[in-house]
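Novice: Starting off with a structure, shown below.
The values are calculated or read from the model by the stated rules, or taken from the named source; none is laboratory data. Please read all numbers here as calculations on a predicted model, not as lab measurements. Using ideal geometry, Cβ is built from the backbone for each residue, glycine included, and neighbour counts are taken over all protein chains shown.
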Amino acid sequence: MDEQLKRSIQRLEDESRLRHLIDEVSILADQKDIARQMTCFAKDAVMVTKVGDRIYELSGRDAIFQAFSRLVDGFRRSFHMNGQVSLDIREDTASAVIYCRAMIEREQGMEDEFAVYRDAYIKRDGTWRIIRRESEILWVRQI
């Protein structure tokens, strides 16, 4: 097989795996399976969340696990819908911009949240994982 064809096939495989990873993070959040969700993150991952003027930063999978666990404990249920995804793949690193809408039911009522994720990925030992996620909550609407 010629080298150009091999590279094209590898790129398609990487794109498919990354899109699956993006959706898997959301699905596992909705299932409240945070332990499995953490396998989508590199051990040395960084999570930055911006809500209005506040910025929160977590370093390492353990810190992210603790924060996500506390967060979903406040949800009765949630439903994340990933929309547009723009991927840039370069060998063993990649980045993406992802638009997401989440419906979240809390004890106090329902919320409709709109967010954009700016992800950086790394492929180690043939597996893609999130190495950095910047999450910006654009707006929250009570319904």
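Novice: Out of Ala45, Ala35, I need the residue that is under 16 Å from Tyr117 (Cβ atoms) and either of a type in the set (A, V, I, L, M, F, W, C) or modelled with pLDDT under 95 (or both). Which one?
Specialist: So the residue among Ala45, Ala35 that is under 16 Å from Tyr117 (Cβ atoms) and either of a type in the set (A, V, I, L, M, F, W, C) or modelled with pLDDT under 95 (or both) is Ala45.
Novice: Condition test on Arg70, is it in a helix (DSSP H, G or I) and of a type in the set (D, E, K, R)?
Specialist: Yes; evaluated as a whole, the condition is true for this residue.
Novice: Give the number of residues within the stretch 18-45 that are in contact (Cβ under 8 Å) with a residue 24 or more places away in the chain, farther than 21 Å from Arg101 by Cβ and either within 9 Å of the chain's Cα centre (by Cα) or assigned to a strand (DSSP E or B) (or both).
Specialist: Of the residues in the stretch 18-45, 4 are in contact (Cβ under 8 Å) with a residue 24 or more places away in the chain, farther than 21 Å from Arg101 by Cβ and either within 9 Å of the chain's Cα centre (by Cα) or assigned to a strand (DSSP E or B) (or both).
Novice: Tell me, which residue of the stretch 92-133 that is acidic (Asp, Glu) and assigned to a strand (DSSP E or B) is surrounded by the most Cβ atoms within 10 Å (Cβ to Cβ)?
Specialist: Going through the qualifying residues, I end up with Asp119.
Novice: If Ile89 meets every condition in (1) in contact (Cβ under 8 Å) with a residue 60 or more places away in the chain; (2) under 26 Å from Ser8 (Cα atoms); (3) in a helix (DSSP H, G or I); (4) not aromatic (Phe, Trp, Tyr) apart from one, which number is that one?
Specialist: Against the list (1) in contact (Cβ under 8 Å) with a residue 60 or more places away in the chain; (2) under 26 Å from Ser8 (Cα atoms); (3) in a helix (DSSP H, G or I); (4) not aromatic (Phe, Trp, Tyr), Ile89 comes up short only on (3).
Novice: Can you name the condition, by its number, that Ser78 falls short on among (1) part of a strand (DSSP E or B); (2) in contact with a helix residue (DSSP H, G or I) (Cβ under 9 Å, 6 or more places away or on another chain); (3) surrounded by fewer than 18 Cβ atoms within 10 Å (Cβ to Cβ); (4) not aliphatic (A, V, I, L, M)?
Specialist: (3)
Novice: Something else now. Just checking, how many residues over the stretch 1-53 are among the hydroxyl-bearing types (Ser, Thr, Tyr) and closer than 14 Å to Ile64 by Cβ?
Specialist: Result for the stretch 1-53: 2.
Novice: A further question on this structure: Being more than 19 Å from Val48 (Cα to Cα) and small (Gly, Ala, Ser) is the filter here; which residues of the stretch 87-121 pass it?
Specialist: Hit for the stretch 87-121 is Gly109, nothing else.
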